[in-house]
Every structure is written in C-alpha cells, then in structure tokens.
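A short write-up of the structure that comes next.
The values are calculated or read from the model by the stated rules, or taken from the named source; none is laboratory data. What you are looking at is a predicted structure, and each value in this text was computed from that prediction instead of being measured. We place every Cβ from the backbone using ideal geometry, glycine too, and count neighbours over all the protein chains shown.
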Amino acid sequence: MFAYRSSGWQRLPFRLPEGTTIVDAEGRDAGLRFVDFDEDGRADVIFSNAQRYAAYAFSSLTEVGPENCWLRNGPAKARVCR
C-alpha cells in the first residue's frame with residue numbers, strides 16, 4: 001500500500017489482508033472496498049468476490065505491528081452455489 005506525501009508516493013509499512021486484492025490479474029474490480037464499518041476513524045476492508053467474502057477491521061500499526069494490523073471480523077466464508 002502507498003500514500004501520497006509532499007515528497008511523492010511512499011510505501012506504507014503494511015499490506016492488504018491476505019487473499020485480497022483491489023483488482024484482479026486483468027485489471028478488473030476484484031471486490032475490495034474501504035469503509036469505516038466499526039466507526040473508529042480508520043478505513044476497514046470489505047472483500048467479496050465469486051469465491052469468498054470477508055470483513056477486516058484495521059487495528060493499529062503501533063499497537064500490533066504491520067504484520068497484524070488487520071483483524072478479521074468473523075471468519076472468511078467461501079461462497080457455496082446451490
């Protein structure tokens with residue numbers, strides 16, 4: 001992930017939650033959205049595509065470190081077609 005600063009684009013010390021992407025290999029929407037669903041002022045992630053869906057709350061870089069900054073809100077679910 002990157003953020004634009006006055007000196008240009010800078011890499012942030014964390015990545016999107018594992019198994020999520022903003023676009024797929026062909027550049028199409030992969031089903032990821034940023035929304036503050038827990039109303040803590042931080043952008044959380046909702047991910048949904050044809051295979052699975054999940055919600056991830058952004059915790060804190062200072063409290064848990066960059067590897068653990070996303071907390072899954074409930075289990076990731078696989079989609080079942082019937």
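Please state which of the following conditions residue 31 fails to meet, knowing it meets all the rest: (1) more than 17 Å from residue 71 (Cβ to Cβ); (2) more than 12 Å from the chain's Cα centre (by Cα).
(2)
Give all pairs with beta carbons closer than 9 Å in which a residue from region 1-15 that is without any contact (Cβ under 8 Å) to a residue 12 or more places away in the chain and over 20 Å from residue 45 (Cα atoms) meets a residue that is among the hydroxyl-bearing types (Ser, Thr, Tyr) and surrounded by fewer than 10 Cβ atoms within 10 Å (Cβ to Cβ); count only pairs at least 6 apart in sequence or on separate chains.
Note: pairs meeting the criteria are 10/4.
Having 2 or more residues that are modelled with pLDDT of 85 or more is the bar; report the strands (runs of 3 or more DSSP E) wholly within the chain that clear it. If you could, list the steps in order and put the result at the bottom.
Values: elements: 2-5, 8-11, 32-35, 44-48, 52-58, 70-72.
Fully inside the chain and qualifying: 2-5, 8-11, 32-35, 44-48, 52-58.
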